[in-house]
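Only one structure is covered here, and it is reproduced in the block below.
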Amino acid sequence: MDELKKIILRIASILLITFLPCAVLLLVYFYTAPKIAEYYDIKEKRAVLEIFHIPYRVNVSKFMGMTSKSIDKKDVQAVFKKNITVEEPPAPSWELHPGDTKAAGEAKAEEPSEKPKAKGGKKIFKYVQDGKPQGVGFVDSKMGYGYNKSSSMSLFICLEPDLETLKGIEVLDHSETPGLGGRMTEAAFKNQFAGKKLKPRISFVKGRKSEGTNEFDAITGATNTSKGVEAFLNDAMKEFWEVQGNITW
């Protein structure tokens, strides 16, 4: 009987030790998940507003001679809703090559000549002021670009109404080395993209100042990151032009 009690106590102890950390992690997740989602939502909205030069409220407070600034989240959401039109992507559709299917009674094709391709689009942000189109933008995230190939990079890419000229870019997420590739978040790097042409492609230059409308300056000491941004933009725009088609204003 005593031996049975020991076994039951051991099992109960093991279950308790296993359950408590899981319960704590679950509670932390439910508490932080909405806050994380809100953080990224505000970050995305701010990126859109800033590239279109649409002001929003920033709260300034002073304490013991120190000044601190905080973003007015409610104002960001209100200004975004008032000025930006968001178009959600259509549900993915599947295109089959004619050789992939056979009518009833016909022999099944041994090998399809082309695999079905999913066609969809990205969430589009449009800004129209006084009846005139000011530009469109979209967020893209890709794995394996930049110096850190095992992580993803996320950019907000904003275009002029001609859909071929950059209005600007904003870095939403990256894992590049601080002080090197991490400098892609600095205004000096990002601001140079305004007015750059994306067709036929955009390229980075190093060792000299960029001169062409399709060129941008590399980050000093971060060639791989610069190369990653170049490939990211070219691949993202190729997909955009192929899938998105024309924008209806």
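No value in this document is a laboratory result; all are computed from the given coordinates. This is a predicted model, so every value here is computed, not measured. Neighbour counts are summed over all protein chains in view; Cβ atoms, including those assigned to glycine, are modelled from backbone coordinates with ideal geometry.
Observations, loosely collected:
- In the range 62-86, the residues that are under 16 Å from E50 (Cα atoms) and of a type in the set (F, W, Y): F80
- Checking each residue in the range 179-214 for being charged (D, E, K, R), touching a strand residue (DSSP E or B) at 6+ places or on another chain (Cβ under 7 Å), part of a loop (DSSP other than H, G, I, E, B) and within 22 Å of S154 (Cβ to Cβ) picks out only K196.
- Tally, over the range 215-241, of residues that are assigned to a loop (DSSP other than H, G, I, E, B) and surrounded by fewer than 15 Cβ atoms within 10 Å (Cβ to Cβ): 2
- Taken over the range 119-143, the criterion of being within 14 Å of the chain's Cα centre (by Cα) and farther than 16 Å from N246 by Cα is satisfied by V139, D140, S141, K142, M143.
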